[in-house]
1. Every residue in region 61-84 that is of a type in the set (D, E, K, R), in a helix (DSSP H, G or I) and either surrounded by fewer than 15 Cβ atoms within 10 Å (Cβ to Cβ) or modelled with pLDDT under 95 (or both), please.
2. Given the options Ala18, Ala2, name the one that is modelled with pLDDT of 95 or more and surrounded by fewer than 12 Cβ atoms within 10 Å (Cβ to Cβ).
3. Which residue pairs have Cβ atoms closer than 7 Å, lie 6 or more positions apart in sequence or on different chains, and pair a first residue in region 10-34 that is in contact (Cβ under 8 Å) with a residue 12 or more places away in the chain and of a type in the set (A, V, I, L, M, F, W, C) with a second residue that is surrounded by 15 or more Cβ atoms within 10 Å (Cβ to Cβ) and not in a helix (DSSP H, G or I)?
4. Filter region 85-102 down to the residues that are in a helix (DSSP H, G or I) and either closer than 18 Å to Pro11 by Cα or basic (Lys, Arg) (or both) and list them by number.
5. Consider only pairs whose beta carbons are under 8 Å apart and that are at least six residues apart or on different chains; among these, list those whose first residue lies in region 55-71 and is farther than 8 Å from Ile15 by Cβ and whose second residue is surrounded by 12 or more Cβ atoms within 10 Å (Cβ to Cβ) and of a type in the set (Gly, Ala, Ser).
Amino acid sequence: MAEPVAPRTKPSDLIPDAEFTQLLLEMHVIEGARGGEHLMGDSIPVWEVYGGTFDRYGYTSDQVARSYDYYHADPKGMVARYEVIMDSLKARTHQLSRPLEP
C-alpha cells in the first residue's frame, strides 16, 4: 500500500502568488539569455544573477526556494502561472518586434 502523501505545508514567509509569478517571469527572462552555467558573454553564474533579482524583489534565495516548492506541489496552479508567464513573454516579444519609430 502506498504511503499517504503529506499535505502541503504553507511556509510562513510564502511569497504572494502574483509576486511569485512575476519572479518566475524574471527568472525565465534571465534563462533566455543564458548559455550553460553562465549568462551569454559573461562569467557570472546564473544563480548569482537570480540573487540580484531576488534582492530587488526583497526576497532571500531560501524564501524563493520554499515558495517554489510550495507552489510547484500544485500542478494546476503552476499551469495557470505559466499561462500568465507565456502571455507576458509573448507581449514583450511583440513589443520588441515592432519597427522603430524615426
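1. Asp62, Arg66, Asp69, Lys76, Glu83
2. Ala18
3. That search, which allows pairs on different chains as well, returns Ile15/Tyr59; Leu23/Ile15.
4. If the condition is that a residue be in a helix (DSSP H, G or I) and either closer than 18 Å to Pro11 by Cα or basic (Lys, Arg) (or both), then Lys90, Arg92 are the ones that fit.
5. Ser61/Gly51; Tyr71/Gly77
The values are calculated or read from the model by the stated rules, or taken from the named source; none is laboratory data. Quantities reported herein were computed from a predicted structural model and do not represent experimental measurements. Cβ atoms come from the backbone with ideal geometry, glycine included; neighbour counts cover every protein chain shown.
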